[in-house]
Structure formats: C-alpha cells, structure tokens
Amino acid sequence: MQLTRRSFVKGAAALAATPPLSAFAGMTPREPLRQFEYTDVQLTGGPFAEQYEALQAHYLALSNDRLLKVYRQRAGLPAAGKDMGGWYDLDGFVPGHTLGQYISGLARFGASGGDAACHEKVGELVEGFAATLGPDNQSILRPKTNLWICYTLDKHFAGLIDAATLSNVAGAKDLLSRVLAGSQALLPAVGRDRIGKKDPPYDETFVMPENLFIAGKMTGNTAFDELARRYLLDREFFDPLARGGDPLPGQHAYSHAIALSSAAQAWLTLGDAKYKQAMQQAFTLLTTQQQFASGGWGPNETFIAPHKGQLYDSLSSTVDHFETPCGAYAATKLARSLIRFTDAPKDTQHADNLERVLFNTILAVKPPDSDGDYPYYSTYSPAAQKTYYSKKWPCCSGTLAQTVADYPLNLYFHAVDGLYVNLYTPSRLHFTHAGTAVELRQETRYPAEDSTTLIINPASAAAFTIYLRIPFWLARPATIRLNGRELRTLAMRGTYAAIHRRWHSGDRIEVVLPQSFRTEAIDDLHPDVVALMRGPVQYVALNPAEQQDRLALPAGLKQIAAQSFVENYGGRQIVFVPLYHVQNESYTTYFSKA
Ligand SMILES: [Zn+2]
C-alpha cells in the first residue's frame, strides 16, 4: 500500500490511535443486536454492489482542490481549481457544507471494500481541511457569513469521526476538539426546533447530538457531551413521541427523521428509554401514515397530516415526493437502530421496511453526473421522470455517499446466541462467535429470483442459531433446506426462522421466498389508488400513454423476463419493471383499481 501522506494516513496495518466505535457499544442490554463493522461485510454482487462500486468510483474521482477551494478562500490561502458551483461556493447556499460527508462516505467505502485509495483520499482531504483552520480553528464557519453553522459543523464531525475510526487518519481525532473550540462562539446557547426560512437564523441544532455524543466518547472532551444533551429535541419531538403522540405533521421531514439518529445515540449514551420509545413511535407513524409504497415520505419535504388524503393529493400537486438520498439515510439508520435495540425480535417490521426503502428509494436514484448534478427528489406522479436537482452539490450529494457506503451494515446483525440474516444479497461476512471465527457467504440473484443460498464456514464446528428474516409480504410459505434436506423449521411470514445447530464447514442453507404481485393503497382515504409490489420491489409502468386518467391496475401481467412484465391495454403493450430499473423512461407508480 503506497501512501503519500504518512503524517495523516496510517496504513490499515498500523496501530489505530482510536478504538473502533464497536468498543463503545454492542451486544449490551441497550444494544442486544450488534451492528457489524464495515470491515466485516463485503458486497460481492447484485444490484446493491453495482451501485456501491459505481458511487465509490464517483466520489473517488472528485477533485480535492475543487472540494477544498472554498475552505482555502475563506482562510485567505491560495485556492487552485475551478469553483464547484451550486450550493458549495463562497456565495452558495451553504458553502462547503458536504465536505465532511464526502470524507465520511469515502472512509466507509474504504473500510468495507478495502480500497486503499479511499483512505488515502480521506487523509488528503482531512489534511487539506486542517490546513485551513488557522490559529483560531475557525474552519469555514464565520459569523454572519454562514447561516448554517450547526448543519455544517455536524458534517465536519461526521467526516472527522469516520476519518479517525475507519481510515486511521492520525490527526483527525484531535481535529474534532479543535473544530468544536473554533466554532463555540457561533453556537446557539440552547437547542431549538427548525425555524422557517423567513425567520433566520435558520439552522438545525437538533441534528447534532448523534455525532456530538460519539465525538465525546472518542475524545473524552466533555464539551461535546454537554452540547449533545443541550441540543436533544426533547420538548418538541422526543417527549411527545415517547408519550405516543404525533408531532410529525407540518414538520420538515428529513431533519426530524435524522434527529432520530440522535435519539439512538442518546439511548446508547444516557440509557433513558424514552429515546427508544420515541424512535419506535416515529417508525410506526412513518410506516403506517406517512410513507408511500416506496418507503419514501414527506412530499415537499414536509410530513403530512394523516387521514386527510394528503399523500394522494400530493400525486397531482407536486413532483417533489421524497428527498431521497437524505431521507433514505435517515430511514435506513432508524430501521437499523431499532433492529439493534430489539432483543430477540418477534417480528421483522424494522428489517422489512429497511429492505423496502433500500430497493425502492436509494437504489432507484438517478446516478450523479461528474460535475455536481445529483438526484434529490423522487417523483411518484403519473408520467414521472428521474431528474437531477436544480442546483449543484445539494445536501443529497453528501447523504448519497453515506447511505450507499452503509449498505454492508444492513445485511447481518450479531446477537449473543447467533446471527440475524436481514437482507438477501450476494455478500461475504467474517465474524467471531464465542471465540470461533466464522465465514458466511451468501449467493443469490434475489429479487430477480426467489432463492438465496448461505454457506457457513466456521473455523471449527460451532453451535449457534442462524435467524432468517421471513418477510411479511409472502403470499405462499417459505421453504428452507439445510444441506439439501427440507427443514420443518417454523417460517411464519413476518418473523425470523431460527435454525439452531452445531455448524460445520460447508453447511448450506437454501431459502426460497416466493414473490408475487400485491397492491398497496396510497392512503386510507383512497383505497383504489394503488402501487404494484412484488416481494420488496415496487413495479412501475414504463412510458405510459399521455392520458388524463390514471392508468388502470394491470389485470393480466405476462412475464417476459425475470423482472419484466407486460400488460395489454386495448392493444397497447405496456412494460412493467422495478422502479430501480428505470433510467430515462417516463413511468407511473400508482394505478387505479376501480
Ligand atoms: Zn437532501
């Protein structure tokens, strides 16, 4: 491994200055299901790996000089390279805001995928960032010139945390305290809910506690912890949620959904059960009242008032249905946190929704171009198209890197008594269970096919339980075979099927999850306006006619390929494919059942 920045980047083999985050949590009463480290899991094929590899290459190719230009300009340093444009420049909406997220995403890609170039770029960007701090540790944030202090600072911290823990960038941990010290005079004394654009300063104190708590644990600097507690959105959000209330309607969707990641860290750090209760209540509200069939929510970035047909109304009143990379980041983190916090889960609600969001929102985004054009809103109106955001380098350019780099975390979870298999996609896992090293490989073409195969290779025979997610959407029973023999294991839909045994090297589990079409209504007032689902995947009609009426729900779909179906509409053949296969075609997501 050739690394040019020895002072900042230490090789993966070198001693890490910072213990991994797992040293702070995992298989404890607060987190009975441990999330694996990035280094434990690799994607080895399939649709998620394809997007993962393309985006890793995309973020690796960004110009360091351009990314650092606005930081150097603010610091009065020579600043080479072209302006970035859009939100990112000196006169942009939030100058330099996403740098920390690009650093974070690259560190996560490097940790799972093992590409040294990711860690090297992380080191170079952190070094470049550090060089702009100056004697007062001011970073890019300046009074009166940047209204988004907390918002930007949170991303700085995320990048530095991941640079320190995943890329072993030696200087990154110390930079956390320096950056906090340099911005302290700009930070609000008290936390507050989001305030509208017309009433500045508009900022988001309440997105910060997650990274503040983590930075506090890494550095031992109590200033982080104090600020984290001060900025928890208790009164306006977590308290009413924990009491079973609904504070969502009218709120800005993404910032409040990502605030639930701060509730997760508050639960892990403070141990107050109200944070876990708030997360579960928010999950219930999101999945039963707020979300489209894709798993997206928040038309025009705003949570709707339930039971008023507002999701249906939004199909014709806007094309901005779901702020996808940001919203998917929040939704996947929420689901993973709830999986981690649920001891011996009795149902698969969190994991099923995680799968829904992954396949139909983040996997379905238009790939970014190479000059700042990124996906932002998903559109669910009739004759929709996938488009880029109107401004370059938006918020979603940062969360796109993080959400996709986090794919390996969604697959498997580790419990005291065994392993939970949550997502069916080609992959490799290495873990140690009760002292025995275990390798698990998953081979599958799911969801193009119904089956998946797990091959278990413990270093020596080892007894533990493998829990397989049996999704809620199954219309016919799952079948499970062990080394070719069908098991009579209870495999009820919406539960985990448990296989306990002494595992030997080469043991094979084959799971068949029969997928079939079903419909899901847009909301409770419009039961006849439905999305078409097949297993976890939302199917859409390609190039629907420019007709005024909503396309009728297909009644006689004929399969023409693994994931392509055709319906005859009075002599006109219309093709149905997964939303995540759509590229430049127009498409329709909701159909009329009546
Ligand atoms: Zn966004």
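The values are calculated or read from the model by the stated rules, or taken from the named source; none is laboratory data. Note that the structure is predicted; figures quoted are calculated from it, not measured. In this analysis, Cβ positions are derived from the backbone assuming ideal geometry, glycine residues included, and neighbour counts consider all displayed protein chains.
For residue 241, the criteria (1) surrounded by fewer than 24 Cβ atoms within 10 Å (Cβ to Cβ); (2) in contact with a Pro (Cβ under 9 Å, 6 or more places away or on another chain); (3) not small (Gly, Ala, Ser) hold in every case but one, which is (1). Check whether at least one residue in the stretch 228-242 is of a type in the set (Asp, Glu) and more than 24 Å from residue 332 (Cα to Cα), and report yes or no. No, there is no match, as no residue in the stretch 228-242 is of a type in the set (Asp, Glu) and more than 24 Å from residue 332 (Cα to Cα). Identify all residues within the stretch 391-428 that are of a type in the set (Asp, Glu) and within 16 Å of the ligand (Cβ to nearest atom); write none if there are none. 406 - this is the single residue of the stretch 391-428 that is of a type in the set (Asp, Glu) and within 16 Å of the ligand (Cβ to nearest atom). Restricting 289, 280 to those that are touching a helix residue (DSSP H, G or I) at 6+ places or on another chain (Cβ under 8 Å) and part of a helix (DSSP H, G or I) reduces the list to 280. Looking at the stretch 130-238, the helices (runs of 4 or more DSSP H) lying wholly inside it that each contain 1 or more residues that are of a type in the set (Lys, Arg), closer than 24 Å to residue 273 by Cα and at pLDDT 95 or above sit at 209-219, 222-231.
If you go through the stretch 374-381 one residue at a time, do you hit one that is outside any helix (DSSP H, G or I), within 13 Å of the chain's Cα centre (by Cα) and within 16 Å of the ligand (Cβ to nearest atom)? No: the stretch 374-381 contains no residue that is outside any helix (DSSP H, G or I), within 13 Å of the chain's Cα centre (by Cα) and within 16 Å of the ligand (Cβ to nearest atom).
Scanning the stretch 293-341 for residues that are in contact with a helix residue (DSSP H, G or I) (Cβ under 7 Å, 6 or more places away or on another chain) and of a type in the set (Ser, Thr, Tyr) turns up 294, 302, 314, 318, 324, 329, 332, 337.
Evaluating residue 435 against the criteria (1) within 28 Å of residue 167 (Cα to Cα); (2) surrounded by 16 or more Cβ atoms within 10 Å (Cβ to Cβ) leaves one unmet condition, (2). When we screen 494, 556, 506, 535 for residues that are loosely packed, with under 13 Cβ neighbours inside 10 Å and at positive phi, the only hit is 506.
Just name the residue that is farthest from the ligand (Cβ to nearest atom) out of those in the stretch 315-329 that are among the hydroxyl-bearing types (Ser, Thr, Tyr) and part of a helix (DSSP H, G or I). Restricting to residues being among the hydroxyl-bearing types (Ser, Thr, Tyr) and part of a helix (DSSP H, G or I), the top hit is 316. Would you say residue 332 is more than 16 Å from the ligand (Cβ to nearest atom), within 19 Å of the chain's Cα centre (by Cα) and either at pLDDT 95 or above or under 24 Å from residue 425 (Cβ atoms) (or both)? No, not satisfied. Take the residues in the stretch 257-286 that are within 15 Å of the chain's Cα centre (by Cα) and of a type outside the set (A, V, I, L, M, F, W, C); name whichever of them is nearest to residue 334 (Cα to Cα). This residue is 261.
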